[in-house]
Every structure is written in structure tokens, then in C-alpha cells.
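Novice: Here you go, one structure.
The values are calculated or read from the model by the stated rules, or taken from the named source; none is laboratory data. What you see is a predicted model, and the numbers here were worked out from it, not measured in a lab. Don't worry about glycine lacking a Cβ; one is built from the backbone with ideal geometry, like all the others, and counts go over all protein chains shown. Note: accessible area is taken over every heavy atom of the protein model, side chains too, but ligands, DNA and RNA are not part of it. Shrake-Rupley method; radii C 1.70, N 1.55, O 1.52, S 1.80 Å.
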Amino acid sequence: MDSFSSTSRSSKPRNASSVAYRPIIGVVMCENSIDDNPALTVHEKYLDAIFHANGLPVALPHELATKEGAIDSVLSRLDGIFLTGSPSNIEPHLYGEEGIEELADPGRDKLSMALIKATLAQGIPLFAACRGMQELVVATGGSLFRKVQEQPGYMDHREDTTLPHDRQYDLVHPVAVIPGGLLSELLPGYQHFQVNSLHGQGANRLGAELTVEAVAPDNLVEAVSIRQHPFALGVQWHPEWHSMTDPVSKKLFDAFISACRQYHYQQQMP
């Protein structure tokens with residue numbers, strides 16, 4: 001397969017030494033509890049995927065969304081944003097539905113929505129996985145299926161919790177890449193490939209900014225992008241899992257880090 005190469009979305013660094021720059025990537029965390037103490041956590045697999053792609057991850061606390069000017073101040077020091085997956089779900093009132101979400105994380109909702117809007121406005125590279133893709137859908141005016149498995153015509157996209165943990169991340173269904181989009185550009189030769197699937201919710205209606213990049217066999221949206229942005233990509237699966245050995249995952253993280261590096265170069269230009 002062809003490897004990812006620079007396209008019209010980016011240009012080469014002006015000198016060879018700049019290739020060594022490791023972009024700084026902000027990573028969202030999730031509300032948790034450790035020994036009855038409130039905590040914010042992020043799985044190592046997400047941090048490792050960024051490290052392995054030659055980026056430097058920095059965890060972002062939820063409080064950033066509550067302090068005036070904090071998000072803009074932090075973004076001025078970052079080269080990209082990565083939105084992780086999570087056991088939690090977005091609160092339904094954020095996409096126009098009623099009801100209570102039992103697995104809610106309102107602090108993450110508030111931070112992620114603010115980060116997405118700021119990164120899109122400023123042209124900062126953004127990569128989103130699973131819940132992260134759903135956040136991208138909601139932040140751009142779309143809505144979600146709260147229980148995909150209960151929607152007529154859709155598969156059950158949840159993991160089999162009776163399997164050992166590692167087996168829950170097995171590749172279980174194919175996705176079809178939409179020709180001519182960002183994903184087809186990043187993955188030449190991969191019109192179809194297998195993905196893992198560990199989500200109960202999924203994209204329903206997309207806002208005008210988003211473009212569908214890939215679909216599952218039941219036509220559930222599996223990837224989205226914003227074409228008018230240097231790099232804004234969301235995928236419904238977990239690309240961080242075995243990101244060093246899975247060729248699709250490696251290409252996606254390499255492309256994201258490359259876009260973040262290019263963003264850094266552009267910010268340094270007079």
C-alpha cells in the first residue's frame with residue numbers, strides 16, 4: 001500500500017532540522033473517582049498512540065472550560081487536539097433531546113464542545129475517536145442515536161463484554177470509505193477495511209459543516225471530516241488500539257501528527 005505523503009493541505013518544512021519537532025497535543029480527560037476522590041483520567045493507550053506517532057500529549061483539565069480566556073490561552077501553546085473515547089455519553093439536551101443520560105460527564109461535554117468550536121475557528125488540527133467523533137457531530141449542529149442497536153435497520157455496534165478485554169477490541173466489521181474525501185486521501189488503497197466497534201451511540205443527523213467519510217455495512221456513519229479545515233477528522237472506531245501495528249491506525253495518527261507539525265511551522269512564520 002502507498003504510504004501517506006504531504007498533499008496540497010500542507011507544505012514541507014523549510015529546513016531539515018524542523019522535522020525533529022514533536023507537536024504538542026492536548027488530550028481530553030474523563031471524570032472518574034479514585035479512592036472516593038474526584039479525579040480526571042485518560043487511558044494510556046491514547047497517550048501512547050500520540051507518543052508513538054512522534055507527538056507529545058498533554059492532558060487537559062475540565063476546569064479550562066470554566067475560566068474566561070483559559071481555552072484560548074492553552075490553545076496558543078498547542079499544535080493539535082485529540083478527543084478520546086469514553087464509557088460516558090454526551091448529555092442529550094446538547095443535541096435537542098429530552099431525558100437523562102445515566103453515563104454522563106458534563107465537565108467533559110463542556111470542555112470538548114468549547115475546544116471543538118475554538119479549534120475549528122482557529123484552524124488547529126483535530127482528531128476525534130468514538131465519543132470524540134460524537135462530540136464533533138454535536139458541536140457542529142448534529143444529533144445522535146442514543147441507542148443504535150434499537151434503531152430499525154442498524155446493527156448492534158457494542159462490544160461483547162463477555163470476551164476478555166483485549167478481544168473486545170477485535171476487528172469486527174468493515175467500513176467503506178467515500179471516494180474523494182479526506183479519509184480516501186489519507187488511506188490510498190484502503191477503500192474497505194475492518195474496524196473494532198465499542199459504541200452504543202452513533203451519528204444520526206449531521207450539521208452542514210460535516211462530510212461523511214466512511215460508513216458501516218448498515219450505513220451508520222463511521223467517519224466524518226470538515227473539508228474546509230486543515231485537518232478535522234472523526235472516526236467512530238478506536239484507532240489508538242494497536243496503533244503501531246495496525247496499518248490504518250498508524251497512517252491516521254501519522255497524518256494527524258504531520259498536520260499538527262505543519263500547523264506549528266505556520267504559526268512560526270512571520
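Novice: Which one of these does Gly234 not meet: (1) open to solvent by 10 Å² or more (accessible area, probe 1.4 Å); (2) closer than 27 Å to Leu78 by Cα; (3) not in a loop (DSSP other than H, G, I, E, B); (4) not polar (S, T, N, Q)?
Specialist: Going through (1) open to solvent by 10 Å² or more (accessible area, probe 1.4 Å); (2) closer than 27 Å to Leu78 by Cα; (3) not in a loop (DSSP other than H, G, I, E, B); (4) not polar (S, T, N, Q) one by one, Gly234 breaks only (1).
Novice: While we're looking at this one, here's another question. Can you tell me which of Leu163, Leu198, Leu206, Leu171 is in a loop (DSSP other than H, G, I, E, B), in contact with a Cys (Cβ under 9 Å, 6 or more places away or on another chain) and among the aliphatic types (A, V, I, L, M)? Talk me through it step by step, then tell me what you get.
Specialist: Details: Leu163 fails: in contact with a Cys (Cβ under 9 Å, 6 or more places away or on another chain); Leu206 fails: in contact with a Cys (Cβ under 9 Å, 6 or more places away or on another chain); Leu171 fails: in contact with a Cys (Cβ under 9 Å, 6 or more places away or on another chain).
The conditions single out Leu198.
Novice: Which of the residues that make up segment 216-229 are closer than 25 Å to Ile24 by Cβ and over 15 Å from the mean Cα position of the chain (by Cα)?
Specialist: Matches in segment 216-229: Gln228 only.
Novice: Shifting gears a bit: Return the residue satisfying two criteria in turn: it lies in segment 129-174 and is of a type in the set (A, V, I, L, M) and within 24 Å of Val27 (Cβ to Cβ), and of such residues it is surrounded by the fewest Cβ atoms within 10 Å (Cβ to Cβ). Give the derivation first.
Specialist: Within segment 129-174, the first condition is being of a type in the set (A, V, I, L, M), and the residues that meet it are 129, 133, 136-139, 144, 148, 155, 163, 171-172.
Going one step further and asking which of them are within 24 Å of Val27 (Cβ to Cβ), we end up with 129, 133, 136-139, 144.
Numbers: Ala129: 25, Met133: 26, Leu136: 31, Val137: 28, Val138: 23, Ala139: 25, Leu144: 21.
If we take residues in segment 129-174 being of a type in the set (A, V, I, L, M) and within 24 Å of Val27 (Cβ to Cβ), then Leu144 is surrounded by the fewest Cβ atoms within 10 Å (Cβ to Cβ).
Novice: Still on this structure, I have one more. Scan segment 130-148 and tell me whether some residue there is without any contact (Cβ under 8 Å) to a residue 24 or more places away in the chain and not basic (Lys, Arg).
Specialist: Here is the first cut: in segment 130-148, the residues without any contact (Cβ under 8 Å) to a residue 24 or more places away in the chain are none.
The answer is no, given that none of the residues of segment 130-148 is without any contact (Cβ under 8 Å) to a residue 24 or more places away in the chain and not basic (Lys, Arg).
Novice: Return the pairs, sorted by first residue and then second, in which the second residue is open to solvent by less than 20 Å² (accessible area, probe 1.4 Å), the first residue lies in segment 50-66 and is polar (S, T, N, Q), the beta carbons are less than 6 Å apart, and the residues are 6+ apart or on different chains.
Specialist: Sorted first by the residue in segment 50-66, then by its partner, the pairs are Asn54/Ile257.
Novice: Additional query: Being out of contact with any Leu (no Cβ under 8 Å at 6 or more places or on another chain), open to solvent by less than 50 Å² (accessible area, probe 1.4 Å) and modelled with pLDDT of 95 or more narrows it down to one of Ala104, Ala59, Ala118, so name that one. I'd like the intermediate steps shown before the answer.
Specialist: On the way: Ala59 fails: out of contact with any Leu (no Cβ under 8 Å at 6 or more places or on another chain); Ala118 fails: out of contact with any Leu (no Cβ under 8 Å at 6 or more places or on another chain).
Only one candidate qualifies: Ala104.
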